[in-house]
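Have a look at the structure below, then the notes.
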Amino acid sequence: MQRERVSENVYWFQSDVYAQVTAGAVIGSQWAVMIDTLALPDESLEIRHFIEGQLGVPVRYVINTHFHADHAWGNCFFPGATVIASTACRDELQTQGAASLEAARHQNPIYKQVKLVYPHITFSEGSLTLRVGKKTLNLFATPGHSHDGISVLVEEDRVLFAGDVFLPLPYVVGGDLDDMNASIKKIGKMGLENIIQGHGDIVLRGEIDDAAQSLPRDLIKALVSPAQCMRRHDHVVHCQQRIIGSDRLLFEDIQPRAGNPSFHQRPLQRGPIDHLPPPHVDQQRAPLHGP
Ligand SMILES: [Zn+2]
């Protein structure tokens, strides 16, 4: 797992195992707040050991940016923490989570350790403010990647944990393209120092304008439908290379035969682009896809 201190008492974590998914932590003098949980139990526990063991404070709150497995299934590894999310996130976890987790357990016994913990505090409009130590966290809706998405702004540092609405390449899973573009546009105008994307590397201040530019609509549409994406392979690869540089691979399957319906199979990796993903998103009920 990668770990970086983004600003004083603000940390970023990135999985080495699954799709470069990210999580964050804001540390106060008495307790800490997690933002998302990563996908695999070992990595969630590694974060907890770092915060509780090395930094010496318990995790009192866990914020889920959205309901996808790779962001919310680690809630159970922070026992006693109060989970905060959008009301829609809680609804999705309650209606779809159990079936998805059951399916995931069949694919990989490691998920027998996972127990769904539904958000305890939710909000459906406006914003929510949480004060931890000297930091003010502002939670507000950023739908698009999924309809339940929220972002977390660390106001004092102008650091935004954006979840999957901000990715190296925009990607819709259960959300809405126009909502996503609106959220990205809004984020681009916030005067941020850093954007913590749901997957991939930290976006630095000087990179935000480029990163927040809206992509060609036909490309995004192609990405919304991987089946279509595959048909347009050459076009998409060309656009990916143009937009993000050919050294950053977006869609490469690390577990091509796992077939785990609860995780999307298009992790972010570095390397040449060989192939595009199978059309998971076109499947009915693939609810806990991520990013
Ligand atoms: Zn997601």
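Go through the range 103-149 and give me each residue that's small (G, A, S) and either outside any strand (DSSP E or B) or under 17 Å from the mean Cα position of the chain (by Cα) (or both).
Within the range 103-149, A103, A104, S124, G126, G133, A141, G144, S146, G149 meet the criteria.
Return a yes/no flag: does the range 194-210 have any residue that is more than 16 Å from the ligand (Cβ to nearest atom), aliphatic (A, V, I, L, M), at pLDDT 95 or above and part of a loop (DSSP other than H, G, I, E, B).
Yes, the range 194-210 contains at least one residue that is more than 16 Å from the ligand (Cβ to nearest atom), aliphatic (A, V, I, L, M), at pLDDT 95 or above and part of a loop (DSSP other than H, G, I, E, B).
Report yes if some residue within the range 53-66 is surrounded by 22 or more Cβ atoms within 10 Å (Cβ to Cβ) and part of a helix (DSSP H, G or I); otherwise report no.
No; the residues of the range 53-66 include none that is surrounded by 22 or more Cβ atoms within 10 Å (Cβ to Cβ) and part of a helix (DSSP H, G or I).
Out of G80, G53, which single residue is within 19 Å of L130 (Cβ to Cβ) and either away from the ligand (no atom under 16 Å from the Cβ) or at pLDDT below 95 (or both)?
Being within 19 Å of L130 (Cβ to Cβ) and either away from the ligand (no atom under 16 Å from the Cβ) or at pLDDT below 95 (or both) holds for just one of G80, G53, which is G80.
Do we have P119 as modelled with pLDDT under 95, in the same structural domain as H66 (by TED's automatic domain parsing) and touching a Ser or Thr at 6+ places or on another chain (Cβ under 9 Å) here?
no
Report yes if D164 is within 16 Å of T136 (Cα to Cα) and out of contact with any Leu (no Cβ under 8 Å at 6 or more places or on another chain), otherwise no.
No.
Restricting to the range 169-189, give me the number of residues that are within 16 Å of the ligand (Cβ to nearest atom), in a helix (DSSP H, G or I) and surrounded by fewer than 19 Cβ atoms within 10 Å (Cβ to Cβ).
1
Residues in the range 20-31: is at least one more than 26 Å from L192 (Cα to Cα) and not aliphatic (A, V, I, L, M)?
Going through the range 20-31, the residues more than 26 Å from L192 (Cα to Cα) turn out to be 30.
Adding the requirement that they be not aliphatic (A, V, I, L, M) leaves 30.
Scanning the range 20-31 turns up at least one residue that is more than 26 Å from L192 (Cα to Cα) and not aliphatic (A, V, I, L, M).
Test E46 against the criterion of being assigned by TED's automatic domain parsing to the domain that holds T142, over 21 Å from N138 (Cβ atoms), surrounded by fewer than 23 Cβ atoms within 10 Å (Cβ to Cβ) and out of contact with any Cys (no Cβ under 6 Å at 6 or more places or on another chain), and give yes or no.
yes
The values are calculated or read from the model by the stated rules, or taken from the named source; none is laboratory data. Computed from a predicted model, the values in this text were never measured in an experiment. Reconstructed Cβ throughout: ideal geometry from the backbone, glycine too, with neighbour counts over all protein chains shown.
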